[in-house]
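The values are calculated or read from the model by the stated rules, or taken from the named source; none is laboratory data. Just so we're clear, the structure is a prediction, and the values are computed from it rather than from any experiment. Methodologically, a virtual Cβ is constructed for each residue, glycine included, from the backbone with ideal geometry; neighbour enumeration extends over all protein chains shown. For accessibility, only protein heavy atoms count, side chains too; no ligands or nucleic acids. Shrake-Rupley method; radii C 1.70, N 1.55, O 1.52, S 1.80 Å.
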Amino acid sequence: MDLKFGKEIYFEKKPLFKITKLQFKKLQTMDKKYVCDVCDWVYDPAVGDPDNGIAPGTSFEDLPDDFVCPLCGVGKDQFSPVD
(Lines give C-alpha, C1' and ligand atoms only; values in the text may rest on other atoms or scores of the structure.)
Protein backbone atom coordinates (compact mmCIF):
# COMPACT_ATOMS: atom_id res chain seq x y z
CA MET A 1 0.00 0.00 0.00
CA ASP A 2 1.39 3.37 -0.99
CA LEU A 3 0.80 5.71 1.96
CA LYS A 4 1.32 9.43 1.73
CA PHE A 5 0.46 12.27 4.10
CA GLY A 6 -2.97 13.62 3.27
CA LYS A 7 -3.82 10.69 1.01
CA GLU A 8 -7.24 9.16 1.35
CA ILE A 9 -7.31 5.41 1.89
CA TYR A 10 -9.96 3.60 -0.13
CA PHE A 11 -11.70 0.28 0.34
CA GLU A 12 -13.96 -0.93 -2.44
CA LYS A 13 -13.80 2.55 -4.00
CA LYS A 14 -15.10 4.25 -0.83
CA PRO A 15 -12.81 6.49 1.23
CA LEU A 16 -12.13 4.98 4.64
CA PHE A 17 -10.09 7.80 6.15
CA LYS A 18 -7.52 10.44 5.42
CA ILE A 19 -4.09 10.05 7.00
CA THR A 20 -3.13 12.86 9.36
CA LYS A 21 0.45 14.06 9.68
CA LEU A 22 0.79 12.35 13.07
CA GLN A 23 -0.63 9.06 11.76
CA PHE A 24 1.71 9.22 8.76
CA LYS A 25 4.76 9.69 10.99
CA LYS A 26 3.62 6.84 13.25
CA LEU A 27 3.10 4.50 10.28
CA GLN A 28 6.56 5.32 8.93
CA THR A 29 8.30 4.43 12.18
CA MET A 30 6.03 1.66 13.40
CA ASP A 31 7.86 -1.19 11.73
CA LYS A 32 11.31 0.41 11.63
CA LYS A 33 14.06 -1.63 13.27
CA TYR A 34 16.83 -0.06 15.33
CA VAL A 35 20.30 -1.45 15.97
CA CYS A 36 22.45 -0.93 19.05
CA ASP A 37 25.59 0.96 18.01
CA VAL A 38 27.63 -0.82 20.70
CA CYS A 39 26.74 -4.53 20.35
CA ASP A 40 24.63 -4.73 17.16
CA TRP A 41 21.52 -6.07 18.92
CA VAL A 42 18.46 -5.26 16.79
CA TYR A 43 15.20 -3.99 18.24
CA ASP A 44 12.34 -5.23 16.05
CA PRO A 45 8.94 -3.68 16.88
CA ALA A 46 7.16 -6.76 15.53
CA VAL A 47 8.89 -8.84 18.22
CA GLY A 48 9.28 -6.26 20.98
CA ASP A 49 11.34 -7.34 23.99
CA PRO A 50 8.99 -9.61 25.98
CA ASP A 51 11.73 -10.67 28.41
CA ASN A 52 11.90 -7.04 29.55
CA GLY A 53 8.18 -6.22 29.44
CA ILE A 54 8.05 -4.66 25.95
CA ALA A 55 5.08 -6.04 24.03
CA PRO A 56 5.23 -6.91 20.33
CA GLY A 57 4.00 -3.99 18.23
CA THR A 58 5.75 -1.35 20.37
CA SER A 59 7.56 1.13 18.14
CA PHE A 60 11.03 2.29 19.12
CA GLU A 61 9.70 5.80 19.74
CA ASP A 62 7.16 4.39 22.22
CA LEU A 63 9.77 2.58 24.31
CA PRO A 64 10.15 4.02 27.81
CA ASP A 65 12.89 6.62 28.26
CA ASP A 66 14.75 4.26 30.59
CA PHE A 67 14.86 1.44 28.00
CA VAL A 68 18.30 -0.15 27.73
CA CYS A 69 19.80 -2.66 25.33
CA PRO A 70 19.19 -6.12 26.83
CA LEU A 71 22.69 -7.27 25.79
CA CYS A 72 25.01 -4.42 26.71
CA GLY A 73 22.88 -2.02 28.78
CA VAL A 74 23.26 1.22 26.79
CA GLY A 75 20.31 3.62 26.46
CA LYS A 76 18.06 4.48 23.53
CA ASP A 77 20.43 7.25 22.45
CA GLN A 78 22.94 4.59 21.40
CA PHE A 79 20.57 3.05 18.77
CA SER A 80 20.38 3.88 15.08
CA PRO A 81 17.62 3.12 12.56
CA VAL A 82 18.25 0.17 10.25
CA ASP A 83 18.12 1.17 6.59
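Which pairs do you get when a residue that is closer than 14 Å to residue 77 by Cα and acidic (Asp, Glu), found in segment 35-51, comes within reach of a residue that is assigned to a loop (DSSP other than H, G, I, E, B) and open to solvent by 30 Å² or more (accessible area, probe 1.4 Å), reach meaning Cβ atoms under 8 angstrom, with the pair 6+ apart or on two chains?
Listed pairs, sorted by first residue: 37/74.
Would you list the strands (runs of 3 or more DSSP E) that sit entirely within the chain and hold 2 or more residues that are open to solvent by less than 50 Å² (accessible area, probe 1.4 Å) and modelled with pLDDT of 95 or more?
Output list reads 34-36, 79-81.
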